[in-house]
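Here is the structure we will look at.
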Amino acid sequence: MKATDVRIRSARWYALPVQTRVPLKFGAETVTGVVCARVCLEVERADGTRAEGWGETPLSVTWVWPSALSYAERLDVLTELCDLLSVAYAGYDRTGHALEIGHHFLEEKLPGIREELNARLSPALAVPLLAALVCASAFDIALHDAYGVANGVPTYSTYRAPWLSADLSAYLTPAADAPNVSFAGLYPADFFRASPLKKLVAWHLVGGLDPLEAGDPGSASLEDGYPVTLEEWIQRDGLVALKVKLRGPDAAWDYERLVRVGRIGLAAGVEWFTADFNCTVTEPSYVNGILDRVRAEQPDLWARLSYVEQPFPYELEEHPIPVQSVSERMPLFLDESAHDWRMVRLGRELGWTGVALKTCKTQTGALLSLCWARAHGMQLMVQDLTNPMLAQVTHVLLAAHAPTLAGVETNAMQFYPEASAAEALVHPGLYRRREGCVEWSSVNGPGFGYRVAEISRQLPAPRPA
């Protein structure tokens, strides 16, 4: 055991409910609230030094678990899984770097915990892998934070030797058709930006129910001091990047929505657009038809359309759709399907060209997917799970270090800005977009630099009650 290695000593988690100020249309469902899982995890070094780390992730039920089941039924199961994970992490008796411990837990423990829970539930309530990863992510993020705090250094400075005992070849296997790719002697830091970006372009989410301009349904002011329409958001925040949520089964609506957002955005100086079909498409020809029409009829919008995000179903192994015809037209990014680097590898085989990283699939998994994708020439983005509070810190830190196509998606300030009021007093640049960007100059210190002691947030009693 190295002097810098740690062992987990305890874990606890808190359920923080948050209500949206406006509804968020996601696929077939509409989101009006979310529960954030906030975790505190204590670790100990060999010399007896103890430290606490924090992690947080929204348990975004509709994203992790699309289903005809009620929201409450699914949330209850995810809450139970977090209770089980709290016990499992606290009792996990491995030592090492946070990446090493986190990887072993995800490989050795999480599958069994999920299987045991699912065995007790009806088949309809079986927890999907993505949902299990999201529940585990708050614990995994807290582990990475605790490791940095225990050693008195920023966590991102430890993703290299000598902090890590093994290089990436211990975790990753190159694609069979990439004989020149090797992970021997390489560490996650070798795939980061040479210098992390302190200021990042902020992508604004245009939801399927969002009013675009005055006169649209829902465009009346809420009188809470925040914009409502897309036009108002662009003006207030100086937005230059828009992510447009589409429906999937309605080509006419999708095309018109994309064109209308493009018209408003281009007139206001927006430079980047992307189209997100939210896994509702089953035929590449559907996406190709819309792209071809935009290219033929909307050349200015086409010139600024950067990529297409996850049009096809979540589970690649169940839906191995060849997508080369789409990616030949436009970069095509995995999101919901990119559970881990192995799914990224399968996606590449099917023709996907990019990966949308998310800390909500665990910090450990995001780092390994980043490295595998970049080693194989795939493009990166860092996408939001409407991350408020502490979840926003680690989300933006990943985007600052990852060589993304452009900036970071960030939309908690659209849907529940007051949820992060306490954190915004300490980190104002993270929770308000200015000149189209967010910045994290206030983040400093060991671990993820949350400065938790300075944040006046009252937490409920830990779970389980």
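Read-outs: derived from the displayed coordinates by stated rules, not from any lab. Keep in mind that this is a model prediction, so the values were computed, not measured. Cβ: placed from backbone, ideal geometry, glycine included. Neighbour counts: every protein chain shown.
Annotations
- For the chain, the longest piece that avoids every one of the GluC sites (Glu not before Pro) found in DSSP loops with at most 13 other C-beta atoms within 10 Å covers 1-212.
- Were the residues from residue 178 through residue 268 laid out at 0.36 nm apart, the gain over their Cα-Cα distance would be 28.1 nm.
- In sequence order, the range 417-432 has phi-based couplings of x, 6, 4, 9, 4, 5, 5, 5, 5, 8, 10, x, x, 8, 10, 9 Hz under the Karplus curve 6.51 cos²θ - 1.76 cosθ + 1.60, θ = phi - 60°, and Gly or Pro positions carry x.
- Sum of -39500 (n - 2.57) over DSSP H runs of 4+, divided by residues of the chain (222 nm, nearest 500): -11000 deg cm²/dmol
- Label point 7 Å beyond Cα of residue 288 along Cβ direction - residues of the range 346-364 with amide nitrogen under 19 Å: 348-354
- Computed over the chain: relative contact order in percent, which uses C-alpha pairs under 8 Å that are six or more apart: 18 percent
- In order along the range 224-234, phi translates into HN-Hα couplings of 10, x, 10, x, 10, 7, 4, 4, 5, 5, 4 Hz, rounded to whole numbers, per the Karplus curve 6.51 cos²θ - 1.76 cosθ + 1.60 with θ = phi - 60° and x for Gly and Pro.
- Set of lysines near residue 199 by C-alpha distance (under 23 Å), chain-local residues within fewer than 8 positions excluded: 243, 358
- Shape call, the range 272-422: gyration tensor on alpha carbons, a/c limit 1.5: oblate
- Length-normalised contact order of the range 393-455 in % [C-alpha pairs under 8 Å, at least 6 apart]: 32 percent
- Full extension of the chain between residue 70 and residue 93 gives 4.6 nm of extra length, using 0.36 nm per residue less the Cα-Cα distance.
- For the pair the range 17-36 / the range 326-352, the C-alpha centres are spaced 27 Å from each other.
- Annotation for residue 194 and residue 46: the two label points, set 7 Å from Cα along the Cα-Cβ direction, are 3.7 nm apart.
- Hits among lysines - C-alpha to C-alpha of residue 2 under 29 Å, sequence gap 8 or more where chains match: 109, 361
- Ranked by the mean number of other Cβ atoms within 10 Å of their residues, highest first, the peptides 352-360, 32-40 come out as 352-360, 32-40.
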